[in-house]
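The values are calculated or read from the model by the stated rules, or taken from the named source; none is laboratory data. Quick caveat: nothing in here was measured; it's all calculated off a predicted structure. FYI the Cβ positions are ideal-geometry reconstructions off the backbone, even for glycines, and counts take in every protein chain you see. What goes into the accessible areas is simple: the full protein's heavy atoms, side chains included, and nothing from ligands, DNA or RNA. Shrake-Rupley method; radii C 1.70, N 1.55, O 1.52, S 1.80 Å.
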Amino acid sequence: MTLALLAELSETLAEVFLEPGADLNERLGQLLSSGPGPSLYAPLRRMADASQDSESQAVEYARLFMHSREADVVHLYGSVQARGFLMAPEILGPLKDIYDGADISPQEDLLIPPDHLGLELACLGYLLEQLEDADTAEPSEHERLAALALRLIREHLDPLVRAVATQLPRIQAHAYYLGAAELAQELLKATEAELA
């Protein structure tokens, strides 16, 4: 498994969870043909087979993650999943340390808290891209970036993705989002194995 492929998967999933109406059919097809391995191929295939038109997908996104009359929504924020409320300092502080260590910061005008699943996946994708570029550079820089990526996975992404993946079936999520949650879990496992 290459770091470039893992970065692309992470960035694709970031878009899934940040952009409700994103048309990712072409990108999913490219990822499927890139030989991602069986554990990643199966959920990618489920997502590709279940993709909807932009409007239907945005409606389902809103039902699952924003508001629903029939069921609870699944919160995509680490603070809400871990502490029950937005912007929990004990979640945001360590996450900010990782973002600072990666020398990235969410846009100032962005209205989404930094512990949103999509932003954390985007950060992971960025770190993996930097790691790919750092392979020929100084070993200490590679180790630093790998440590940041592993910390992001273990302390933030893994618990958040597990919570989301557990909750989605309970509210009868569309197969596209079930596949995305499964893919996120498999991506984290593959990334951790690659960096270990």
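For the reader, a short list of remarks on this structure follows.
- The overall shape of the range 33-84, judged from the alpha-carbon gyration tensor, is oblate: a/c is not under 1.5, and a/b is no greater than b/c.
- Solvent-accessible area assigned to carbon and sulfur over the chain amounts to 51 percent, based on a 1.4 Å probe.
- For the range 133-196, the solvent-accessible area of protein heavy atoms averages 49 Å² per residue (probe radius 1.4 Å; ligands and nucleic acids excluded).
- Cβ charges +1 (Lys, Arg) and -1 (Asp, Glu), total dipole of the chain, debye: 900
- The range 97-133 and the range 1-35: distance between their alpha carbon centers, rounded to Å: 16
- Anisotropy class of the range 18-106 from Cα gyration tensor, a/c 1.5 cut: oblate
- Put Asp103, Asp115 in order of accessible area, highest first, and with a 1.4 Å probe you get Asp103, Asp115.
- With all protein chains modelled, accessible area of Ser105 [1.4 Å, Å²]: 100
- In summary, the helical segments of the chain meeting the span-like criteria, namely a full DSSP H run, a Cα extent along the axis of 27 angstrom or more and a mean Kyte-Doolittle hydropathy of at least -0.5, are 175-195.
- The residues of the range 1-102 present an accessible area of 50 Å² per residue when probed at 1.4 Å with all protein chains retained.
- Listed candidates (1) 116; (2) 158; (3) 861 - label of the one calculated as volume of the Cα convex hull per residue in Å³: (1)
- Relative contact order %, the chain, counting alpha carbon pairs below 8 Å whose residues are six or more apart: 34
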